[in-house]
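Quick notes on the structure that follows.
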Amino acid sequence: MIRSLTRVFPLSGTRAFASKGDYDLAVIGGGPGGYVAAIKAAQKGMKTVCIEKRGALGGTCLNIGCIPSKALLNAVANYRAAKHSFPKLGIKCSGLSYDLNQIMKQKQEAVTGLTKGVEILFRKYKVDYVKGTASFLSKDALNIKLNEGGQEKIQAKKMLIATGSDVSPLPGEPLKIDEKVVVSSTGALSLKEVPKKMIVIGAGVIGMELGSVYQGLGADVTVVEFQNQIMPFADGEVSKHMLKYFKKEGFNFLTGHKVVGGSVGERSAKVVVEDAKSGKKQELEADIVLVATGRKPYTEGLHADKAGVKLDSHGRVDVNKELMVFSFINN
């Protein structure tokens, strides 16, 4: 990645005058990949613009990923410590309870503080920030559908695609995400109440983190995983020890199972799972179902073909070993 950035960003130089909408570099996406690249380019003397449709910088990580999930986990860890560990130290907490609204509020305050911090960095390094959705008109021109209404055209000598990822639905969509009863990680970060029963589909990092939040607040959590181990992309020993830990905490697991059907009501859902080996089916019911089966590239609506950018069958940008798009090299 560093090699590709040094080819895009000159190592020295000063800003050249450019008319409105004419830039050395346009960065599509204001997440950790996009905003860092935009700042680095500006530091190297390039007139830079960053386009972000969310209306807040920081991407998935700062807004609906790493940061809010860790803020929730931290609050729950403190609650659990006061409940289970403090008495062993001789510290009594009579009438201990939690306020979910306040837990969510402090989470959002952490998110807002960090995203505003990125905006400050943009102003410091003179990176132009446009709130809107970008799509290619050509390899050196973008159309921006502004969040506040209207459209704007931006031209740039270089383009950097940093559009990030989006939630992956269940294969075949036996259950559709409505962010009410069947939620993605985004919806799970802002539940209005702690469910009595929760089903987590997918035992990866995202599913186990968010499952831990609500299990720690009293939910009965059942995790369904197609693979025969939880956290399947982790080292086998790590996975084994994590399974022991989560079972001790009270999680229920159905590994080697896949979701084949279900139904959704106003306040609960039924999920039909099938044993991958025996084919035996069983029905589970919960107040909330969290679909945490991974993420996919977010390139929909980018009109990459107009810039000569090729996408593979998964929506990923076709690049060389230096992460550069072939049609942009030497241009």
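Does region 147-156 contain any residue that is touching a Gly at 6+ places or on another chain (Cβ under 7 Å), farther than 23 Å from residue 309 by Cβ and at pLDDT 95 or above? Checking region 147-156: at least one residue is touching a Gly at 6+ places or on another chain (Cβ under 7 Å), farther than 23 Å from residue 309 by Cβ and at pLDDT 95 or above.
Looking only at region 241-269, residues that are closer than 24 Å to residue 212 by Cβ and either free of Cβ contacts under 8 Å to residues at least 60 places away in the same chain or among the aromatic types (Phe, Trp, Tyr) (or both) come to 18 in all. The one condition from (1) at pLDDT 95 or above; (2) out of contact with any Asp or Glu (no Cβ under 6 Å at 6 or more places or on another chain) that residue 258 does not meet is (2).
In region 217-240, the residues that are at positive phi form Cβ pairs under 8 Å with partners that are of a type in the set (S, T, N, Q), at six or more places apart or across chains, as follows: 231/239. In region 161-176, of all residues being in a loop (DSSP other than H, G, I, E, B) and among the polar types (S, T, N, Q), the one that is least open to solvent (accessible area, probe 1.4 Å) corresponds to 168.
Kindly list, by first and then second residue, each pair from a residue in region 158-174 that is over 21 Å from residue 272 (Cβ atoms) and touching a residue at least 12 places away in the same chain (Cβ under 8 Å) to a residue that is of a type in the set (S, T, N, Q) and buried (at least 16 other Cβ atoms within 10 Å of the Cβ), limited to pairs with Cβ atoms under 8 Å and residues at least 6 apart or on different chains. If the second residue must be of a type in the set (S, T, N, Q) and buried (at least 16 other Cβ atoms within 10 Å of the Cβ), the pairs left are 161/299; 163/299; 164/60; 165/60; 167/184; 167/185; 167/186.
Name the residues in region 116-143 that are part of a helix (DSSP H, G or I) and within 18 Å of residue 28 (Cβ to Cβ), would you? Matches in region 116-143: 118, 119, 122.
The values are calculated or read from the model by the stated rules, or taken from the named source; none is laboratory data. Just so you know, these numbers come straight off a predicted model, no measurement behind them. Note that each Cβ is placed from the backbone with ideal geometry, even for glycine, and that neighbours are counted across all protein chains shown. Ligands, DNA and RNA are excluded from the accessible area calculation, which covers all protein heavy atoms including side chains. Shrake-Rupley method; radii C 1.70, N 1.55, O 1.52, S 1.80 Å.
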